[in-house]
Amino acid sequence: MTFHRRPLTRTDCELPTMKKLTLTQQIFIGLGLGILVGWLIHKFFDGNPHAKEQAIQWVRVLSRIFLSLIKVIIAPLIFSTLVVGIAGAGSIKAVGRIGLRAMVYFTIATSLALVIGLVAVNLTKPGIGVNLPQEQSAEAKEIAARAGKQSPQDHIVNVFPTSLFKSMAENDVLQIVVFSLLFALAVASIGEKGKPMVAFCESLSEAMFKFTNFVMQFAPYGVGAAMAVTVGNKGLEVLKNLALLILTLYGALAVFILLVLLPVALIVRLPIKRFIQLVKEPAMLAFTTTSSESAFPKALENMERLGVPRRIVSFILPLGYSFNLDGSTLYLSLAAVFVAQASNHPLSWGQQVTMLLTLMLSTKGIAAVPRASLVVLAGTLAQFGLPLEGIAVILGVDELMDMARTATNVIGNCLATVVVARWEGEFNDAGNEVIAPLDPAITPHSH
C-alpha cells in the first residue's frame, strides 16, 4: 500500500495561539504583577531605604509615562468634541437646557453622597481611639499650605481661563470646558463661516480617539507600575492600618452605588449589563491610577458606544469631572468627621450639617488628580477648627481610599451622561458603534 503525503503548508507549521487578551484582562494581569513586584521591592529593600527608593522611582517611570500620555489627550479631546457637539448642533438654547439639567442632577447626586458619608462615619466611628501625630508630615504641611492659598472669590474667578494654553498646560478641565463652550457658541453663531472650524475639530477628535487607542496599549504597564509603587512604599501591611476607616469608605461607596446610582439607572431604563461591560475598563483605570483623567478618553468613547450622543457625552462628562465627583464628596464628609473623632473634638449634628453645606460648595471644581480631595479637606478642617494633623494619619492609607472614590467618580459621571441623554429624549437604546473600540480584541475585524 502506498501512502501519499501532501506537502506541508505554513498553516501546518503554526502552533496554536491563545485568543488575544482583552484590555480589561491585560489590566488585571498588570495589576497582579504590580502587586507582586511591589511586595518584592518592599521585602528585599526594606533594610535599605535608599535602594528601595531608587527601585520605586525606576518602576514609577512607567506609570508617569502613562499618565503623561493620558494628560496630553485631555485638552484637545475635550475641546474638539465639545466644539463638534455644540457648534455642529447649532442650538444655543439646547446647550443651556442640557447644562441646567446636568447641574440639577449633579447637585442631587453629590448631596446624597455627602449624606451617606456622614451617616456611615457616625455609625462606625472609625476615628475613636486613633492617636493623631503631634507633628504634621512634610506632605501634610504642603497640602495644608495649598488649601489656604485661594479665597472663595478666587475659586469662582479661577473657573474662567486667562489663557487657553495655560489651562491646557495645567490640565484644568473646568477652564478648558468653559473656553470650549464659549468658543463653540461663537462658531455656531457665525453660521456657514464656522463650518471649516467644525470640520477641523471633527478631524481632530477622530485623530485623538486613534491616539488614545495607541496610548491604551500601554495601560497594563502603567497600571502595574502604579500598583507596584503603592505596595513597594507601604507594603501589604498598609491594608491593615486604619482598616475600619478604609472599610467604612468602601462600604459607604457600595451603599451609594446600590441605593442611589442603581435606582437612577433603573429609572432611566439603563441597559445595565451593557453599561457594566463598557464602564469596567475606565473604572479600572481610575481605580489603579487614582486619577479620573486616565479614564476620561475611554469613558468618553464607551458612553458614545452605549448610545449617548457625542454632543451630550462630550459636554456632560468633562463637566461632571468638576461638579459631580460622587466618590470624592462622600469621602470628604467621612474624612472630616473621622478627624473630629480622632482628635476628640466631637461635632454636633448642627455643625455636621453646616459642614455638609460647606462641602457641597467647596467640592465643586476639585481637580481630577490624585490628592486634590485632601486640599479641600485641609481647608474644611481649618474652617471648623479641627487639627490638620489628621491629614497625616489619612495620608498613610489615602492611596487605597483614593482608588475607590476615583472609580466611583467615573461610574457616577458615566451614568450622568445617560441620565441627561434620556432626559433629552436622545438616548439610543440600540447603542452606537460608529466609533471603533479602543480594545482591538473586541473589534469584529481584528486579526
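The values are calculated or read from the model by the stated rules, or taken from the named source; none is laboratory data. Keep in mind that what you see is a predicted model, and the values were worked out from it rather than measured. Cβ sites come from the backbone with ideal geometry, for glycine too, and all protein chains shown count toward neighbours.
Observations
- Residue satisfying all of: in the stretch 73-115; β-branched (V, I, T) and modelled with pLDDT of 85 or more; nearest to A421 (Cα to Cα) among these: I98
- Qualifying residue in the stretch 375-393 (condition: assigned to a loop (DSSP other than H, G, I, E, B), in contact with a helix residue (DSSP H, G or I) (Cβ under 7 Å, 6 or more places away or on another chain) and at pLDDT below 75): yes
- Taken as a whole, the condition of being modelled with pLDDT of 75 or more, part of a helix (DSSP H, G or I) and either surrounded by fewer than 19 Cβ atoms within 10 Å (Cβ to Cβ) or under 25 Å from the mean Cα position of the chain (by Cα) (or both) applies to F338.
- Any hit, the stretch 77-92, residues being surrounded by fewer than 17 Cβ atoms within 10 Å (Cβ to Cβ), part of a loop (DSSP other than H, G, I, E, B) and out of contact with any strand residue (DSSP E or B) (no Cβ under 7 Å at 6 or more places or on another chain): yes
- Filter result (of a type in the set (V, I, T) and in a helix (DSSP H, G or I)) within the stretch 246-269: I246, T248, V255, I257, V260, V264, I267
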